[in-house]
Amino acid sequence: MTVSQVAHSALETDLRARVRGEVIGRDHPGYDQARRVWNGLIDRHPEVIVRCTDVDDVVACVQAAHRHRPPVSVRGGGHQVAGSAVCDDGLVIELSRMHDVVVDPVARTARVQGGALWADVDAAAQAHGLATPGGEVSETGVAGLTLGGGLGLMQRTHGLSCDNVLSMEVVTADGTVRTASADENPDLFWALRGAGRGLGVVTEFEFALYPLGPEVAAAAFVYPVEQASAVFRAWRELAHEAPPTIAPQFALWALPPFPDLPLEFVGIPVALAIGTYIGEPGDAAPVLEPFSRLGEPLLDLSGTSTWIEAQSEFDFALPDGGRYFWKSHFIDDFDDDTIDLIVHGAARRPDPTSAIFIRTLGGAIDRVGPDETAFAHRGARFNVSIDAVWTDPALDGASIAWARELWSALEPSSRGVYMNFAGLDDDADRGLVLGAHEERVERIRRAYDPDGVFEIAAGRP
């Protein structure tokens, strides 16, 4: 037995004596299932996984990590594309059993535990006709998305997910349970809103809520791929002029088998122009109508749905266990050459389920000052996400290379990288992710974790 194995065995023994939750070591019959995350490309082998039942369990885990000094990762929803929820040869602090959501419909706030998914939040809030900016896939973890910024359908109307956090409960590296808010530990609160993981274990969020639903209206027009460049140019102008009640999206993709989609359209490469109206569906028509005039549509998939349906309609196209590698750029604008570069790059993707998604920013995102949170990309107009998606392991090399090569080709136009779409951990350049805030974030991280308990969780080797 090696020295490291002796240390890890002592860690597991220590944890079993101190936590109420389930402790899963390498010899546990459920170990292989427990170490899996949403991204099937990730295959890591932690020494021990603890399924925490409450904050006291989290404190015990952090204190044990301080004593034994294993690599540490924190698993909320396990949906982060880089697979940061699980580490090799270390401790995984798993929060999946801590997923309660409590809504105060009078104050219009929600208290959300750190292991909750956006599906949990949407269901609880919609019971009162309320919503908060969250992810576009309902199985995404609240914690990971929010700590990295939080792009979503409501972003131009009400801001990023991190902009709508009122307070957080966080266990810092010394095992102390702290409140981070504008009034308590404001430096930690600043950093947690956009600087991502490695600052502690967030066990609860308090979000502001807004009236919305139960139904929302959306435009979704499908254009032939032959029109992609022309439609992209027209969409660019639409996006510049769009009111903040929508966040226009443009995608180059192959249509998945949406309900009621004729079979002859499934799997064909297309250009998509999408916009969801954040308001009363009856007021949506004038805002959404321009999406139909970007070219000669192949299909019109527009209509109304419940907010919960709108937040989960892409879940089936991004299944648990698929293989994913996503990289991104924040970009101010698209000249015609950049549009052609993106369209031609999309045509070379190794698997048709891979896609390029472009999201429009601005609006409420920019009502927050550039230095008010650690999110470093206020003022950018667009986010370009290069989403390699595939199932055959034989395509690993080609799919990752495609995303990296297209990302590199677009780098001259970039003003930074979205933390939640930064590739695998060895791709994530903290300077590109944190921009001008990198040094301030690092000072705060060292102040709360001088011994480096969360070094690995922070994305550091």
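Quick one: which residue in D88, D57 is acidic (D, E), free of Cβ contacts under 8 Å to residues at least 60 places away in the same chain and either over 24 Å from T140 (Cβ atoms) or in a loop (DSSP other than H, G, I, E, B) (or both)?
Details: D57 fails: either over 24 Å from T140 (Cβ atoms) or in a loop (DSSP other than H, G, I, E, B) (or both).
Result: D88 is the single residue among D88, D57 that is acidic (D, E), free of Cβ contacts under 8 Å to residues at least 60 places away in the same chain and either over 24 Å from T140 (Cβ atoms) or in a loop (DSSP other than H, G, I, E, B) (or both).
Scanning the stretch 193-222 for residues that are among the charged types (D, E, K, R) and either in contact with a Phe, Trp or Tyr (Cβ under 9 Å, 6 or more places away or on another chain) or crowded, with 24+ Cβ neighbours inside 10 Å (or both) yields R193, R197, E215. For beta carbons closer than 8 Å, sequence separation of 6+ or different chains, a first residue in the stretch 256-275 that is assigned by TED's automatic domain parsing to the domain that holds E226 and closer than 20 Å to S229 by Cα and a second that is loosely packed, with under 13 Cβ neighbours inside 10 Å and among the hydrophobic types (A, V, I, L, M, F, W, C), the qualifying pairs are P269/A347.
Every residue in the stretch 28-55 that is of a type in the set (D, E) and farther than 15 Å from R16 by Cβ, please. So that I can check it myself, show each step before the final result.
Filtering the stretch 28-55 down to residues of a type in the set (D, E) leaves 32, 43, 47, 54.
Result: D32, D43, D54.
If we scan the stretch 8-19, do we find a residue that is among the charged types (D, E, K, R) and either part of a loop (DSSP other than H, G, I, E, B) or closer than 14 Å to S96 by Cβ (or both)? So far as the stretch 8-19 goes, no, none of its residues is among the charged types (D, E, K, R) and either part of a loop (DSSP other than H, G, I, E, B) or closer than 14 Å to S96 by Cβ (or both).
Exactly one residue out of R367, R378, R359, R404 is more than 25 Å from F232 (Cα to Cα) and basic (K, R), and it is R367.
The set of residues from the stretch 223-239 being surrounded by fewer than 17 Cβ atoms within 10 Å (Cβ to Cβ) and either among the β-branched types (V, I, T) or out of contact with any Asp or Glu (no Cβ under 8 Å at 6 or more places or on another chain) (or both) comprises E226, A230, E237. Sub-7 Å Cβ pairs linking a first residue in the stretch 136-164 that is outside the structural domain of G321 (by TED's automatic domain parsing) and farther than 17 Å from H377 by Cα to a second residue that is modelled with pLDDT of 95 or more and aromatic (F, W, Y), at least 6 apart or interchain, are S138/W118; T140/W118; V142/W118; V142/F205, ordered by first then second residue.
Among residues of the stretch 24-39 that are under 20 Å from S9 (Cα atoms), those with a beta-carbon under 8 Å from a residue that is assigned to a helix (DSSP H, G or I) at least six positions away or on a different chain give the pairs I24/Y31; I24/A34; G25/E12; G25/Y31; H28/A34.
Within the stretch 97-114, the set of residues being surrounded by fewer than 20 Cβ atoms within 10 Å (Cβ to Cβ) and more than 13 Å from A131 (Cβ to Cβ) comprises R97, H99, D100, V102, D104, V106, A107, R111. Go through the stretch 389-439 and give me each residue that's more than 27 Å from T146 (Cβ to Cβ) and among the hydroxyl-bearing types (S, T, Y). If the condition is that a residue be more than 27 Å from T146 (Cβ to Cβ) and among the hydroxyl-bearing types (S, T, Y), then T391, S399, S408, S413 are the ones that fit.
Among the conditions (1) in contact with a helix residue (DSSP H, G or I) (Cβ under 6 Å, 6 or more places away or on another chain); (2) surrounded by 17 or more Cβ atoms within 10 Å (Cβ to Cβ), the only one that A346 does not satisfy is (1).
Condition check ((1) more than 17 Å from the chain's Cα centre (by Cα); (2) over 16 Å from G152 (Cα atoms); (3) assigned to a helix (DSSP H, G or I); (4) not assigned by TED's automatic domain parsing to the domain that holds P186) across all residues:
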{"position": "D351", "(1), (2), (3), (4)": "yes, yes, no, yes"}
{"position": "A364", "(1), (2), (3), (4)": "yes, no, yes, yes"}
{"position": "E372", "(1), (2), (3), (4)": "yes, yes, no, yes"}
{"position": "F375", "(1), (2), (3), (4)": "no, no, no, yes"}
{"position": "V384", "(1), (2), (3), (4)": "no, no, no, yes"}
{"position": "I400", "(1), (2), (3), (4)": "yes, yes, yes, yes"}
{"position": "W407", "(1), (2), (3), (4)": "yes, yes, yes, yes"}
{"position": "E438", "(1), (2), (3), (4)": "yes, yes, yes, yes"}
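Listed here are the residues, each with its yes/no results for (1) in contact (Cβ under 8 Å) with a residue 40 or more places away in the chain; (2) out of contact with any His (no Cβ under 9 Å at 6 or more places or on another chain); (3) under 16 Å from W326 (Cα atoms).
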| residue | (1), (2), (3) |
| --- | --- |
| F375 | yes, no, no |
| V384 | yes, no, yes |
| W390 | yes, yes, yes |
| G397 | no, yes, yes |
| W402 | yes, yes, yes |
| L406 | yes, yes, yes |
| L410 | yes, no, yes |
| S414 | yes, no, yes |
| Y418 | yes, no, yes |
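Does any residue of the stretch 273-280 turn out to be out of contact with any helix residue (DSSP H, G or I) (no Cβ under 7 Å at 6 or more places or on another chain) and of a type outside the set (D, E, K, R)? Working first, answer last.
From the stretch 273-280, those out of contact with any helix residue (DSSP H, G or I) (no Cβ under 7 Å at 6 or more places or on another chain) are 274, 279-280; that's our starting set.
Among the residues that remain, those that are also of a type outside the set (D, E, K, R) are: 274, 279.
For the stretch 273-280, residues out of contact with any helix residue (DSSP H, G or I) (no Cβ under 7 Å at 6 or more places or on another chain) and of a type outside the set (D, E, K, R): present.
Given S328, S292, which one is touching a Phe, Trp or Tyr at 6+ places or on another chain (Cβ under 6 Å) and exposed (fewer than 15 other Cβ atoms within 10 Å of the Cβ)?
Details: S328 fails: exposed (fewer than 15 other Cβ atoms within 10 Å of the Cβ).
Only one candidate qualifies: S292.
Might you let me know whether the stretch 34-52 holds any residue that is under 23 Å from V177 (Cβ atoms) and under 17 Å from the mean Cα position of the chain (by Cα)? For the stretch 34-52, residues under 23 Å from V177 (Cβ atoms) and under 17 Å from the mean Cα position of the chain (by Cα): absent.
For the stretch 128-192, which helices (runs of 4 or more DSSP H) that fit wholly inside it have 2 or more residues that are within 11 Å of the chain's Cα centre (by Cα) and within 23 Å of V453 (Cα to Cα)? Explain how you work it out, then say what you get.
On the way: elements: 142-147, 155-158, 186-192.
By residue number, 142-147.
The values are calculated or read from the model by the stated rules, or taken from the named source; none is laboratory data. Keep in mind that what you see is a predicted model, and the values were worked out from it rather than measured. Positions of Cβ are generated from backbone atoms using ideal geometry, with glycine treated the same way; all protein chains shown enter the neighbour counts.
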